[in-house]
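First comes the structure, then the notes that go with it.
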Amino acid sequence: MTSPDFREYIDLTVNDLQPIEVYNLARDYALVALPEFDPRVGTVEDAMLEAMSYVAGLVTGSVNRLPDGLMEGILRLMGFYRSEATFASGSVIFTSIDESGLFIPAGTQVSFSETTADGVVTHIYATTSSVSIAEGDSESDPVQVAAIEAGEKPVVSDGTSMTILTPINRLFSATFDGAFVQGSDSETDESFFSRAVTYLGSLSRSLANADQVANFILSTYENAYRVKAYDLTRLQQFLVTTTVFDGGTSLVNASCAPENIGASTYYRTFTSTGGSAVIENVLESSTPFGDTETIFRTVRIKDTSKSDYDGIWEISGIEDQFTSGPYVAFDYGSGTETAEVSYPDVEAKLEFLEQIDFDADEVVASVTVFVSTLTGASLTADERAEIEQSLRTRCVAGLSFYLTDVILAPITVNVSIKVSDGFSILDVRTEVDDYLTAYLSPSQYPFTTLIRKNALISLVSQIDGVEYVEDLTMATENALIATEEPNGDISFVFKGTLPTSSVVVASV
């Protein structure tokens, strides 16, 4: 792969001329200096000019590309590498025409045909190792195959018939088997240098503030596509486990181990109302949140072994029925069950979101980090554990960090536009829909406190074919996360929030 183009930052290009251009300039100069000079084709003089121009062109090209190569080399010395293209892979099972046994060498090619609007595209795969069909059998064991060209390929489903390209006597068919592993395209220059800038901004033997923490995660972990860290912010997570669900109204003791703080005990109850999961009551006393009593009204439940319980819930009331300490009461709803039911190892992670309210009190020596994939989805447990371990070894002494998922705020956008004459109404409406859906998405929208109505109107007005915006309204689907302002803006309640949108476009 060629070195990335560094001219965006410093253009050190001397004079990127081709040999023919150098020759013409040299010939013109020679005619000025020696008017009687006549370098005809085939003469020694002309051959010397051509040879020197060729060498000068090679040297010029090499010199101009030296800064690009040196910059990539310096980044490699600092431990930062460009993401190269990868090859899609999977496995196939070969079938022979008889049971006499057959040897299939490495490099045997099979193909998968994709039908597109431009015609049929053939994607070729080759076996990475040899495989044999034993005598008395007609099928081989699954053998690994890889695409012969790097980049993304159409997904091949298990059981798909592959076309055999390598002629092998007595080989009858090939069938795709095993999980398809997608390839990836080479990283663009823009993406490479963007990651490099982030990486250089994170370089330190220790991480001391939010920007350093965010830069470190962004440059180190590929799946952590959206990362935002907030200084002076604490969001503690509480791990809750229980093994008993009481279909009635009695309380069940459960162990609750707060992360990042000392041991404590909580209690929670599960009651059956036949409805959806609703949190009824939460009381937080002085332990473990400080010297004064803190009452929380919003909680996020995540990573439960019963995913229906995951979500952000409102706490409707406060009760203090136990002298032994505070408790958390959940009404998960269980249909018509009234008897005691066992759920082995029901676990949950609780986050009291008032700690990350934009108006929450600052907590010194604390950083809360929100991470997600490109689509806003949570990272896997292994990925989060790896990030936490890395931060533990790099954060300065005394700095507490809290890693959590990005909060997604669903919103609905209704926009009415006037389409300019000469434009297709359907095409313009589709373009506006696609633009707003992409812009108001976890992959693109910046981490801010709100979505401004006037800003969206301005952006839509700049789309080709939109004469003007007649009206634009936004509504939130969860008032716990985002609120509708009188001026039409949407304000986020908590830090680390990104929107997901449903867009409806009409024309006047």
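Assorted remarks:
- Leading residue at positive end of dipole, segment 19-77 (Cβ point charges), from Ala51, Pro67, Pro39: Pro67
- For segment 41-55, backbone phi angles converted through the Karplus equation (6.51, -1.76, 1.60; θ = phi - 60°) give residue-by-residue couplings of 4, x, 7, 4, 4, 5, 5, 5, 4, 5, 5, 5, 5, 4, 5 Hz, Gly and Pro being listed as x.
- The simple Förster model, with R0 at 45 Å and r as the Cβ-Cβ distance, assigns Ser420 and Glu114 a FRET efficiency of 0.75.
- Alpha carbon convex hull of segment 348-481, volume per residue in cubic angstrom: 150 Å³
- Orientation-averaged projected area, Cα convex hull of segment 2-160 (nm²): 18.7 nm²
- Neighbour-count order for Leu49, Leu459, fewest beta carbons within 10 angstrom listed first: Leu459, Leu49
- Rounded to the nearest 20 debye, the dipole size of segment 89-181 about its Cα centre is 220 debye, using +1 on the Cβ of Lys and Arg and -1 on the Cβ of Asp and Glu.
- Classification of segment 170-228 by its C-alpha gyration tensor yields a prolate form. The axis ratio a/c (a ≥ b ≥ c) is 1.5 or more, and a/b outweighs b/c.
- Sites Ser400 and Val55, calculated FRET efficiency, Cβ-Cβ separation with R0 56 Å, nearest 0.05: 0.35
- Sequence ranges 95-104, 369-378, ranked by mean other-Cβ count within 10 angstrom, highest first: 369-378, 95-104
- Computed FRET value (nearest 0.05) for Glu314 with Thr188, which takes r as the C-beta separation and R₀ as 41 Å: 0.40
- P(r) histogram, all alpha-carbon pairs of segment 20-92 included - 5 Å bins from 0, percent: 3, 12, 14, 13, 9, 8, 8, 8, 7, 7, 5, 3, 2, 1, 0
- Inter-part distance where segment 59-120 and segment 426-464 are each reduced to a Cα centre, Å: 37 Å
- Cα point-scatterer Debye curve for segment 134-178, base-10 log of I(q)/I(0) at q = 0.24, 0.27, 0.30 Å⁻¹: -1.12, -1.30, -1.40
- Prolate/oblate/rounded label for segment 379-456 (Cα gyration tensor, a/c 1.5): prolate
- Span from the segment 125-139 Cα centroid across to the segment 177-237 one, whole angstrom: 42 Å
- Remark: segment 407-507 is approximated by an ellipsoid whose semi-axes, taken from the C-alpha gyration tensor as √(5λ), come to 25, 13, 11 Å, largest first.
- Ascending count of other beta-carbon atoms within 10 Å, so fewest first, for Ser89, Ser194: Ser194, Ser89
- Of Thr380, Thr116, Thr497, Thr476, the sequence from fewest to most neighbouring Cβ atoms within 10 angstrom is Thr116, Thr380, Thr476, Thr497.
- Convex hull (Cα only) mean projected area of segment 89-181, reported in nm² to one decimal: 5.8 nm²
Readers should treat all values here as calculations from the given coordinates under stated rules, not as data from a laboratory. Since the model is a prediction, treat every value here as computed from it, not as a measurement. Don't worry about glycine lacking a Cβ; one is built from the backbone with ideal geometry, like all the others, and counts go over all protein chains shown.
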